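Working notes, structure below.
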Amino acid sequence: MAGAPVAIIMGSQSDWATMRHAAETLEALGIAFDARIVSAHRTPDRLVSFAKSAKADGFKIIIAGAGGAAHLPGMTAAMTPLPVFGVPVESKALSGQDSLLSIVQMPAGIPVGTLAIGRAGAVNAALLAAAVLALHDEALSTRLDNWRTRQSESVAERPSNES
Ligand code: RP5
């Protein structure tokens, strides 16, 4: 979406099952985003083009999800001054530990804010993006407060046998 403050990028269509949770969370908070498939390995030219123009294109934050040898968040961060939040996608071979380690272990100098493996990381990347954007957006700050209040209210006081 043109003018969206958040870009959600992912290495493959197969990552969307995870990254859609970031999208849904942004939608729930009324934050516009643009979701794209950008592979560091399979579409390197697309990655360079996206990352180098992301700031000029109006994005404020990039959420990057990838699995396995997950170069995407780090390579993106190397080519943009925007904050990059990395989401390790749960891989089949190593349950996402490969994704986590390859995203989180950035050498000093180029940061990637790394979230948890899988859905939790995708949701939290969106919430973190919202918290950053809310620093300069009072209406969003209120929506984020309300989202957290609703979450608190949805937690039962006692456990139930019904799942
Ligand atoms: C990575 O390879 C992607 O981020 C994805 O998590 C992983 C597997 O991709 P597919 O083989 O499912 O397309 O680049």
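The values are calculated or read from the model by the stated rules, or taken from the named source; none is laboratory data. As the structure is a computational prediction, the values presented were derived from the model and not from experiment. Cβ atoms come from the backbone with ideal geometry, glycine included; neighbour counts cover every protein chain shown.
Cβ-Cβ under 9 Å, sequence separation 6+ or interchain: first residue in the range 63-83 and modelled with pLDDT of 95 or more, partner among the acidic types (D, E). Which pairs? Going by the 9 Å Cβ cut-off, the qualifying pairs are G65/D15; A66/D15; G67/D15; G67/E90; G67/D98; G68/D98; A69/D98; A70/D98.
Pairing each residue of the range 32-54 that is more than 18 Å from A4 (Cβ to Cβ) with any residue that is within 13 Å of the ligand (Cβ to nearest atom) and assigned to a helix (DSSP H, G or I), provided the two are 6+ apart or on different chains, yields C-beta distances under 6 Å for A40/L47; A40/L72; A40/M75. Just so you know, in the range 4-42 the residues that are near the ligand (Cβ under 10 Å from one of its atoms) and in a loop (DSSP other than H, G, I, E, B) include one that is surrounded by the most Cβ atoms within 10 Å (Cβ to Cβ), and it is G11. On inspection, L94 passes the criterion of being surrounded by fewer than 15 Cβ atoms within 10 Å (Cβ to Cβ) and modelled with pLDDT of 95 or more. Against the criterion of being of a type in the set (G, A, S) and touching a Gly at 6+ places or on another chain (Cβ under 9 Å), A56 does not qualify.
The residue that is farthest from L128 (Cα to Cα), counting only those in the range 43-81 that are among the hydroxyl-bearing types (S, T, Y) and surrounded by fewer than 23 Cβ atoms within 10 Å (Cβ to Cβ), is T43.
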